[in-house]
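Participant: Quick one: this structure, given as structure tokens, is what I'll be asking you about.
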Amino acid sequence: MDMLIGYSLYGISLLTVGGIYAILALGLNIQWGYAGLFNVGIAGFAAIGAYTFALMTTAPSGYHFGGLDLPLPLAIACAMLLSGMVAFLIGIVCIRLRSDYLAISTIGIAEIIKLVLKNETELTNGPRGINKIPRVWEHLTEERFYTKAPMSWFSDAQGWDYFFDKLPIWWWQPFFCLTILLIVFIIYKLLEKAQQSPWGRMMTAIRENENAAHAAGKDVTRRRIEAFVIGAMVMGLAGAILSQHLRLIDPTNTFDPSKMTFLVWVMLIAGGSGNNRGAIFGAFLVWVIWSASEIFINSGLHIFGEMISNVDISLLKTRAGYLRMMIIGLLLQYILQKYPDGIMPESRPVQTGEKLKKGRV
Amino acid sequence: MWETFGFEFVNFYLIPGLVLGCIYALGAIGITLTFSILRFANFAHGEVMMIGAYFTWTAMILSNDLFGVPLHPLVAAAPAVILAIGLFILVDRYFYKPFRSASTIRVVMASFGMMLIIRSFVQAVWGPNQLTFVPGIAKPNEMVKNLTASIDMMILVPNKHFWIIAGTLIIMLALSWLLTKTKIGKGMRAVSDSPELAKVSGIDVEIIVKATWFVGGFCAVAAGVFLAMDLQMLETTMGFRMLLPMFAAAILGGIGRPFGAVIGGLVIGLAEELSVYPWFGNGSLISPGYKTGVAFTIMVIMLVIRPSGLFKGRLF
């Protein structure tokens with residue numbers, strides 16, 4: 001029974017992190033899939049979201065700014081807003097230039113964000129990071145939350161304590177996972193709606209042929225900035241959720257600009273850029289491969305270490321981690337060359353044919 | 001006068017800035033050439049710098065261990081240059097060439113992937129920890145110290161800085177000869193200005209592309225080795241840290257202008273070091289932690305006011 005719970009908890013955590021990556025991939029899909037904007041600063045936008053959320057919800061602390069005790073949804077909204085504002089600033093500078101410049105600028109802004117998070121030690125506790133970030137559902141057991149309205153309406157502190165003591169320690173995990181999957185679903189529905197709306201079709205037109213869209217009277221720069229900002233907001237949301245999942249964030253390791261950004265790119269390209277379902281599928285697929293390969297490699301090395309006793313496998317373990325990264329990189333190159341459309345190629349919404357016959361257009 | 005202002009300014013800010021500027025300049029040459037001739041921003045450039053320095057380190061270790069001959073880094077850089085150029089040409093053949101007729105952003109994506117692949121490779125082979133490149137403390141050159149002290153303007157320059165500045169100057173002169181006097185250099189400039197026109201006038205673009213990787217790889221390894229000499233150690237992230245200042249230098253000088261890139265590199269290097277000089281009052285002008293943000297700030301300002309750069313480079 002315990003083993004069964006253990007396996008299902010592993011499955012749940014796979015789904016949880018996969019869901020967070022799916023949100024990131026959906027955000028990137030708005031920028032790259034819809035509008036053709038090359039953003040390599042995903043980790044930066046996620047970091048803004050994560051830190052905004054963390055600083056607004058953590059308990060007062062001697063190490064960093066905190067103690068605002070904002071409701072979690074409000075903090076998430078702030079995280080999205082701030083992320084979008086930074087994207088807007090980059091957008092007005094770089095979007096009128098060719099995509100290479102946007103790529104350089106986004107990688108730059110990710111570095112600058114990291115720099116600020118590292119140096120403003122008064123605000124963010126610098127490289128040591130922020131700890132004890134409240135997590136949705138699990139935070140209900142924290143005293144400072146259940147003494148506040150609306151939680152305090154239901155029961156007094158003792159009753160509340162008693163209630164949670166009865167539950168197994170992992171009770172919040174399925175709820176947290178389901179919440180994330182629900183968010184993925186809502187974003188997916190909204191994006192599908194956006195893609196089929198005139199706005200989405202205009203985005204495709206701009207991506208496919210900028211000059212023609214411009215000649216048709218579309219405000220190309222403005223639409224692109226819109227897509228860039230919306231994408232960044234979704235990434236900020238993912239960052240806020242990621243900080244809840246991790247509970248401890250720091251600027252260097254959590255938001256390793258290359259690794260995090262890179263994985264999301266692999267997910268989108270493998271799944272199929274321009275296709276929201278592809279983005280979600282790619283995120284889960286790559287995450288499962290990434291996560292499972294770690295377990296397989298490590299247990300393989302363990303067996304290897306058992307067979308040959310005088311080998312220090314801890315060294316091999318770290319090296320194997322980098323090798324895995326390299327293989328994922330080669331996988332991206334392979335997909336880029338052989339299957340540029342990904343597993344689920346972009347499908348255009350039905351415009352003519354049946355709809356015309358029914359007279360609905 | 002010298003004691004109160006000049007000594008500190010020249011020795012601790014100006015000369016390090018110049019040295020850093022030389023390293024940025026060498027890296028930016030490769031970036032600006034690939035950007036203008038192959039028409040994409042090569043994100044893997046910094047990593048080639050880094051792997052070049054690692055190759056050099058390996059050559060030094062091998063020669064010391066196998067033959068008992070300690071090599072100077074600049075000598076050990078010779079095989080590293082060949083390996084790095086080979087790497088550039090292989091990467092181009094297998095990862096960039098398939099996209100040559102496709103939209104350029106695909107190549108940028110491929111180069112971004114390449115960046116990760118090369119770095120992970122180095123981390124897997126040499127390990128993620130820092131390695132000592134040249135042990136010991138770099139002492140200032142005695143001759144220059146005594147000579148300048150005799151006229152009350154003591155300048156403390158370690159030998160490594162002389163090597164870096166002199167090496168950069170020599171490479172610069174060689175490059176200017178290559179670009180203005182030789183057929184292949186003229187071809188490179190022609191392709192940079194207009195690939196179609198260059199093609200119809202009988203220039204073999206593929207050879208020009210190879211030459212670009214050759215020049216870019218040479219300068220990249222030189223920059224990587226100089227950087228390792230300056231820091232006296234190797235890190236797997238050193239290439240990535242150089243990437244943004246090098247892009248900034250290339251954009252500042254104007255894309256497709258190698259000498260603009262040199263000026264841009266020097267400006268960025270000096271600006272980074274001088275930005276922490278206490279210009280007003282006692283504290284440094286900006287907090288030293290934000291030093292690496294200077295390059296990005298300059299780049300953003302250039303993109304806003306003059307995206308074609310100081311020397312009227314190409315704008316895509």
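No lab work stands behind these numbers, since they all come straight from the coordinates. This is a predicted model, so every value here is computed, not measured. Reconstructed Cβ throughout: ideal geometry from the backbone, glycine too, with neighbour counts over all protein chains shown.
Participant: Work out the charge dipole of the stretch A:2-256 with +1 on the Cβ of Lys and Arg and -1 on the Cβ of Asp and Glu about the Cα centre, then indicate which of A:Ala240, A:Met203, A:Thr106 is farthest towards its positive end.
Facilitator: Towards the positive end, the residue furthest out is A:Met203.
Participant: Can I ask one more? Where in the stretch B:114-139 does the label zone of B:Ile61 land, with the point 7 angstrom along Cα→C-beta and an amide N cut-off under 13 Å?
Facilitator: Residues passing the 13 Å test: B:122-134.
Participant: Please state the charge dipole magnitude for chain B, taken about the Cα centre, from unit charges on C-beta atoms (+1 on K and R, -1 on D and E), reported in debye and rounded to the nearest 20. Please report the intermediate quantities before stating the final value.
Facilitator: Working: 21 positive and 15 negative charges, 232 e Å.
Using Cβ point charges on Lys, Arg, Asp and Glu, chain B gives about 1120 debye.
Participant: Before anything else, pin down the relative contact order of the stretch A:1-139: Cα pairs under 8 Å, at least 6 apart, normalised by residue count, whole percent.
Facilitator: Result for the stretch A:1-139 is 26 percent.
Participant: To continue, here is another question. Give a quick list of GluC sites (Glu not before Pro) in the stretch A:79-145 that DSSP marks as loop, anything other than H, G, I, E or B, with at most 14 other Cβ atoms within 10 Å.
Facilitator: Values: sites: A:Glu111, A:Glu120, A:Glu122, A:Glu138, A:Glu142, A:Glu143; in loops: A:Glu120, A:Glu142.
Sparse-neighbourhood loop GluC sites (Glu not before Pro): A:Glu142.
Participant: Among B:Gly202, B:Gly265, B:Gly216, which one shows the biggest mean-square fluctuation in a GNM of chain B, springs joining Cα atoms closer than 10 Å?
Facilitator: The residue with the greatest mean-square fluctuation here is B:Gly202.
Participant: Please tell me the relative contact order of the stretch A:34-74 in percent, rounded to the nearest whole number, where contacts are Cα pairs under 8 Å and at least six residues apart.
Facilitator: Worked out over the stretch A:34-74, it gives 26 percent.
Participant: A:Thr318 versus A:Asp256, label points 7 Å from Cα toward the beta carbon: distance in nm?
Facilitator: Rounded to a tenth, the inter-label distance reads 1.2 nm.
Participant: Quick check for me: using +1 on Lys/Arg Cβ and -1 on Asp/Glu Cβ, what's the dipole size of the protein assembly as shown about its Cα centre, in debye to the nearest 20?
Facilitator: Around 2460 debye, computed over the protein assembly as shown.
Participant: Moving to a separate point now. Past 27 Å, Cα to Cα: identify those pairs from B:Lys199/B:Lys312; B:Lys186/B:Lys291; A:Lys218/A:Lys259; A:Lys338/B:Lys312; A:Lys259/A:Lys317; A:Lys259/B:Lys97, in the order given. Please report the intermediate quantities before stating the final value.
Facilitator: Details: B:Lys199/B:Lys312 24 Å; B:Lys186/B:Lys291 38 Å; A:Lys218/A:Lys259 36 Å; A:Lys338/B:Lys312 38 Å; A:Lys259/A:Lys317 18 Å; A:Lys259/B:Lys97 25 Å.
From B:Lys199/B:Lys312; B:Lys186/B:Lys291; A:Lys218/A:Lys259; A:Lys338/B:Lys312; A:Lys259/A:Lys317; A:Lys259/B:Lys97, over 27 Å: B:Lys186/B:Lys291; A:Lys218/A:Lys259; A:Lys338/B:Lys312.
Participant: Of A:Ala50, A:Ala216, A:Ala232, which is the most mobile in a GNM of chain A whose springs link Cα atoms less than 10 angstrom apart?
Facilitator: A:Ala216
Participant: Can you pull the one-decimal nm distance between simple spin-label points at A:Glu210 and B:Lys183, each 7 Å off the Cα toward Cβ?
Facilitator: Reported label-point gap for A:Glu210 and B:Lys183 is 3.8 nm.
Participant: Residue separation times 0.36 nm, minus the C-alpha to C-alpha distance between B:Thr292 and B:Glu206: what's the value?
Facilitator: 27.3 nm
Participant: Here's something else I'd like to know. Taking chain A as a Gaussian network, Cα atoms linked when under 10 Å apart, which of A:Leu167, A:Leu14, A:Leu268 shows the biggest mean-square fluctuation?
Facilitator: The residue that fluctuates most here is A:Leu167.
Participant: What is the magnitude of the charge dipole of chain A about its Cα centre, with +1 placed on the Cβ of each Lys and Arg, -1 on the Cβ of each Asp and Glu, and no other charges, expressed in debye to the nearest 20?
Facilitator: Result for chain A is approximately 1380 debye, rounded to the nearest 20.
Participant: Which distance in nm do the two modelled labels at A:Leu70 and A:Glu122 give, with both placed 7 Å along the Cα-to-Cβ direction?
Facilitator: 2.0 nm
Participant: Now a separate question. Put +1 on the Cβ of every Lys and Arg and -1 on every Asp and Glu Cβ in the protein assembly as shown; which of A:Pro71, B:Val221, B:Gln232 then has its Cα farthest towards the positive end of the dipole?
Facilitator: Checked the options; the winner is B:Val221.
Participant: Over chain A, calculate the relative contact order: mean separation of alpha carbon pairs under 8 Å at least 6 apart, over the residue count, as a percent.
Facilitator: RCO, chain A: 31 percent.
Participant: Would you please classify the overall shape of the stretch B:1-100 from the alpha carbon gyration tensor, given that a ≥ b ≥ c denote the square roots of the eigenvalues, rounded means a/c under 1.5, and beyond that prolate means a/b larger than b/c while oblate covers the rest?
Facilitator: It is oblate, given that a/c is not under 1.5 and a/b is not larger than b/c.
Participant: Oh, and also: Taking a label point 7 Å from the Cα of A:Arg201 along the Cα→Cβ vector, which residues of the stretch A:1-40 have an amide N closer than 18 Å to it?
Facilitator: A:34-35
Participant: With point charges of +1 on the Cβ of Lys and Arg and -1 on the Cβ of Asp and Glu, referenced to the Cα centre of the stretch A:2-256, which listed residue (A:Phe175, A:Gly19, A:Gln31) lies farthest in the positive direction of the dipole?
Facilitator: Farthest towards the positive pole: A:Gln31.
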